[in-house]
């Protein structure tokens, strides 16, 4: 990160920013070109390591690219505010963002898929303990990104 003064390294603050984001953009590579898709997400943090969960259709471009590469980048942000200035160079924006990347895996077992969907539902709804029937698990692709890289930036 070019601006060390804007880097966030406090794990509690990073977790707070992630928890406040409502969309995670997943970046995949498609024959040398970027493919970015916005997704609902859930996450689990264990000892500073983040696992992000996503869901979607069992087939399509996104799933094909995950199978082909097994790696993805991600970006999430919140708190955007445009700050107007009297001079062109005085205009700026405020924001908080988290970015990174890591291996992405399609989950196969009902237990893994249920855990991922529970994390997504908990993040999106603020409620735990959802009843997820087996037929929903059969119809849904659930995938996990184990973040190897995480950076956080705040522009106050």
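We did not get these values from a lab; they are worked out from the coordinates using the rules stated. Values in this document were obtained by computation on a predicted structure and should not be read as measured data. In this analysis, Cβ positions are derived from the backbone assuming ideal geometry, glycine residues included, and neighbour counts consider all displayed protein chains.
With everything on Cα atoms, drop me the angle between helix 110-125 and the longest principal axis of the chain, reported from 0 to 90° to the nearest 10.
Approximately 40 degrees, to the nearest ten.
For region 109-156 and region 38-101, what is the separation of their C-alpha centers, rounded to whole Å?
Computed from Cα coordinates, the inter-centre distance equals 15 Å.
Counting alpha carbon pairs within less than 8 Å and at least 6 residues apart, what relative contact order, in whole percent, applies to region 1-67?
22 percent
If you wrap a convex hull around the alpha carbons of region 1-84, what volume per residue comes out, as a whole number of Å³?
Numbers: hull volume 12.7 nm³, N = 84.
Each residue corresponds to 151 Å³ of Cα convex hull volume.
Ignoring solvent entirely, what values of log10 I(q)/I(0) come out of the Debye formula for the chain at 0.17 Å⁻¹ when each Cα is a single scatterer?
-1.02
Report, in deg cm²/dmol and to the nearest 500, the calculated mean residue ellipticity at 222 nm for the chain, where each DSSP H run with n ≥ 4 adds -39500 (n - 2.57) and the sum is divided by the residue count.
-8000 deg cm²/dmol
Please order 80, 155 by the number of other Cβ within 10 Å, starting at the fewest.
80, 155
Over region 4-155, calculate the relative contact order: mean separation of alpha carbon pairs under 8 Å at least 6 apart, over the residue count, as a percent.
Here the relative contact order equals 31 percent.
Which of 131, 77, 64 ends up with the largest GNM mean-square fluctuation for the chain, with Cα atoms connected below 10 Å?
Result for the chain, Cα springs under 10 Å: 131 fluctuates most.
Which of these, 48, 27, 60, has the largest mean-square fluctuation under a Gaussian network model of the chain (Cα springs below 10 Å)?
In this elastic network of the chain, the residue with the biggest mean-square fluctuation among 48, 27, 60 is 60.
Could you work out how far helix 11-20 tilts from the main Cα principal axis of the chain, as a 0 to 90 degree angle to the nearest 10?
Once rounded, the angle reads 70 degrees.
Mind checking which of 106, 26, 65 has the largest fluctuation in a GNM of the chain, springs on alpha carbons under 10 Å?
65
When a footprinting reagent is the concern and you count Cβ atoms within 10 Å, what order do 43, 74 take, fewest first?
43, 74
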